[in-house]
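Working notes for the structure below.
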Amino acid sequence: MQVFKFGGASVKDADNIKNVTAIIASQPKAPLLVVVSATGKTTDQLEQVALQFVEETGKAFEALEKVKENHRQLLADLFEDPAHPIFDEIANSFVEIEWILEEEPQDSYDYLYDQIVSLGELISSKILATYAAHTGLAVKWVDARDYIFTDNTYREAIVDWDKTAEKIKRELPAVLENYIVVTQGFIGSTSENFSTTLGREGSDYSAAIFASGLDAQDLTIWKDVPGVLNADPKWFDRTELIPELSYTDAIELTYYGATVIHPKTIKPLQNKNIALNVRSFLNPEATGTVIHALNQGLPVPSFIFKVNQVLINIQPRDFSFILEDNLSHIFNLFHKHRIKNNMMHNSAISFSVSIDDTGKNIDNLLDELKQRYTVSFEKGLELITIRYFNQATIDRVLVNKKIIRELKDSYTCQLLVKNI
Ligand code: ASP
């Protein structure tokens, strides 16, 4: 049993969908479940639809038109016969969103977001499944919302693992005996059958949920990079491919912000000893990286860069110590505003955190913090994490940079820096 996950870039246009279909077709006959993301930038565009709708700008339909046009083009490039039923099927999927947009936005933004944005994966998976079937493969499209059950924390839903694993185990193996199953990443459903999403980039996590429920032998995430590299090529000229790494190193790297895999993906695989392959859909012959139980560290130091950081410094007004009561209040505010700490540090009378500068929710957080604390902040910083650091690697990243904060443990060094 194998699970494949294809991200948005791998299905962004007709040529890429043909390439994905060829990769699926070239696999040996073992049962295969395929998890797919929304095409290209569709999720970003649907986020815009949700935003325009909730803010009542009158531009939601216009924003949706872009998504419709991209998919019309994609279908026209894939299917010669304009009477093929897929054209109507995708058009009908858009009608469901239009019904939402015709009403007043009465529900919460998060709820409406999930009902709108989940469409991206529903249509990309229908298109891939239909195209693959059109080329002669025995494919069945499956709605992930019938298998992945969540609570109602819209936009960041929490998976009900027991219920989900039970349903996957009970129903999917029989289907997989005769068909390649194509389903969606990123989405699930509540007990009341409302759509939920698992957080941005959550399709990797969906693939791990299916792999875990099916006790798959391995999960392969197909990407536009050759595998896990020791740094993002966006920031480093000389990157190296890491051919194998342990679950622990993979969890640590993704926790600190390596974007190659969604951070929640690895733990469920580790629990069941399911190997995770990261391979390139541009070069399917290459073996890429395998993440599995391994008793050795990374062969080379690895670097993770996070730009656009804000350092927030928080001090109790009365100069009392930073103790559990203050900390629990501060952490509750972070949780409420959905802000993740990338680095934190405290002294007796101050607590400081570095977070991604995501705009509006930071301003709201700062306003609330200021009600109880003296707050100062500095924007435009960069957070560099080095796993398996040494002095040479630190010197290498500090050229023209000044250290604002530094944290080290045995394996990992975090440097919050500013350009000089
Ligand atoms: N389409 C979703 C996103 O872009 C989920 C995913 O691709 O993993 O965030």
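Sorting W141, W222 by solvent-accessible area of protein heavy atoms yields W141, W222, largest first, with a 1.4 Å probe. Sorted largest first by accessible area at a 1.4 angstrom probe radius, with every protein chain in place, the residues E98, E192 fall in the order E192, E98. Placing pseudo-labels 7 Å out from each Cα toward the beta carbon at S93 and D318 gives an inter-label distance of 5.8 nm. Annotation: amide H-H contacts under 5 Å for T374 (H modelled 1.01 Å from N, sequence separation of 5 or more, or interchain): Q315, R317. Since only A392, S410, S350 are under comparison, the one whose Cα sits farthest along the positive direction of the charge dipole of the range 325-420, derived from C-beta charges on Lys, Arg, Asp and Glu, is A392.
Solvent exposure of the chain, expressed per residue, is 47 Å² of accessible area, with all protein chains present and a 1.4 angstrom probe. Here the sum of -39500 (n - 2.57) over DSSP H runs of 4 or more residues, divided by the residues of the chain, equals -12000 deg cm²/dmol at 222 nm, to the nearest 500. Taking other residues whose beta carbon is less than 12 angstrom from the beta carbon of F331, and scoring Lys, Arg as +1 and Asp, Glu as -1, yields 0. Computed from backbone phi, the HN-Hα couplings of the range 326-342 come to 5, 4, 5, 5, 4, 5, 4, 5, 4, 5, 4, 8, 6, 10, 9, 7, 9 Hz, rounded to whole numbers (Karplus: 6.51 cos²θ - 1.76 cosθ + 1.60, θ = phi - 60°; Gly and Pro given as x). For the range 194-208, backbone phi angles converted through the Karplus equation (6.51, -1.76, 1.60; θ = phi - 60°) give residue-by-residue couplings of 8, 6, 10, 10, 9, x, 3, 6, x, 5, 4, 5, 4, 4, 5 Hz, Gly and Pro being listed as x. For the chain, the C-alpha radius of gyration divided by 2.2 N^0.38 Å, with N the number of residues, is 1.05. Of the DSSP beta bridges with both residues in the range 108-203, give the percent that are antiparallel, rounding to the nearest 5. Antiparallel bridges: around 50 percent, rounded to the nearest 5. Of the accessible area of the chain, computed with a 1.4 Å probe over protein heavy atoms only, carbon and sulfur atoms account for 49 percent.
Rounded to the nearest 10 square angstrom, V399 shows an accessible area of 90 square angstrom against a 1.4 Å probe. A simple rule links phi to the HN-Hα coupling: the Karplus curve 6.51 cos²θ - 1.76 cosθ + 1.60 with θ = phi - 60°, which for the range 312-321 gives 10, 10, 10, 10, x, 4, 8, 6, 6, 5 Hz, with x for Gly and Pro.
When +1 charges are put on Lys and Arg Cβ atoms and -1 charges on Asp and Glu Cβ atoms, the dipole computed for the range 116-179 relative to its Cα centre reaches about 200 debye. When the pairs K306/K408; K41/K402; K59/K126; K59/K267; K5/K29; K5/K169 are compared against a 29 Å limit on Cα-Cα distance, K41/K402; K59/K267 fall above it. The listed residues R238, R396, once ranked by accessible area (1.4 Å probe) with the largest placed first, stand as R238, R396.
The values are calculated or read from the model by the stated rules, or taken from the named source; none is laboratory data. Keep in mind the model is a prediction, meaning the values are calculated, not measured. Please note: Cβ atoms are built from the backbone with ideal geometry, for glycine as well, and neighbour counts cover all protein chains shown. Just so you know, the surface numbers come from the protein's heavy atoms only, side chains and all, with ligands and any DNA or RNA stripped out. Shrake-Rupley method; radii C 1.70, N 1.55, O 1.52, S 1.80 Å.
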